[in-house]
Amino acid sequence: MTTTTTTTRRPHGIAATAGMKRIVHLLVLFAALLPAAAMAASVEMMTTSGCSCCHAWARHLRAAGFEVTVKDLAMGQLMRAKLDAGVPATLAACHTARIGEYIVEGHVPVREIERLLAEKPDAIGLVVPGMPIGSPGMESGDRRETYEVLLLKRDGKTEVFARYE
Ligand SMILES: [Cu+2]
C-alpha cells in the first residue's frame, strides 16, 4: 500500500516542461521527414481499364500517403508485363505495381509494402495471388478470406511474408 502512494507522485513543473520541449522537437523532426518518405513511395500501377478493385487498391495506397500513377494496358500487354517483371502466371492477380526496385502484385496491404521498403530484402517483391475477399481493395462487408502475402524471391521461389486471417 505505502509503495503505491510513493510511486504515483507526478513530476514537478520544470521536468514536465522539459518533456514537452522534447516532444515538440520530435514532432518537428517527423514533419521534416514525412514529405521525403512520401516522395520515395511513388507507385506505378499497371492495370486494365475497368478493373474497379485495382483502383480501390490504389485508393488504399493513396490514403497511406503513396503517390499512385495508373498505366492502363490491354490484357495481353499486362500479362506480358507481369512475366517481364518476374511474376509467374501461377501467382498473378489483377494489377502489377512498381515501387522503387520492387514489384507488388495484387492486393498487398500497405503495412506489408512499408515493411518491404524498410527491410529491403533481396527479392522481386510481394505478391497476393488471386484476389482474396477482405484484402485491401477487395472489401465485401464483413467477409474475410484467409490469405498470405508472399515474398517473391529472385529465383522464383516464395516465402510467407505475412498471413491475414
Ligand atoms: Cu483485384
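The values are calculated or read from the model by the stated rules, or taken from the named source; none is laboratory data. It should be emphasised that the depicted structure is a prediction, and the values quoted were computed from it without experimental measurement. Note that each Cβ is placed from the backbone with ideal geometry, even for glycine, and that neighbours are counted across all protein chains shown.
No other residue among 75, 131 is over 15 Å from residue 44 (Cβ atoms), under 17 Å from the mean Cα position of the chain (by Cα) and within 16 Å of the ligand (Cβ to nearest atom) apart from 131. Residue count for the stretch 39-52 satisfying the condition of being outside any helix (DSSP H, G or I) and either over 22 Å from residue 139 (Cα atoms) or away from the ligand (no atom under 16 Å from the Cβ) (or both): 3. Counting only strands (runs of 3 or more DSSP E) that sit completely within the stretch 78-165, those holding 3 or more residues that are surrounded by 20 or more Cβ atoms within 10 Å (Cβ to Cβ) and modelled with pLDDT of 95 or more correspond to 96-99, 102-106, 125-128, 147-152.
Among the residues of the stretch 53-72, the ones that are away from the ligand (no atom under 16 Å from the Cβ) and out of contact with any strand residue (DSSP E or B) (no Cβ under 7 Å at 6 or more places or on another chain) come to 3 in all.
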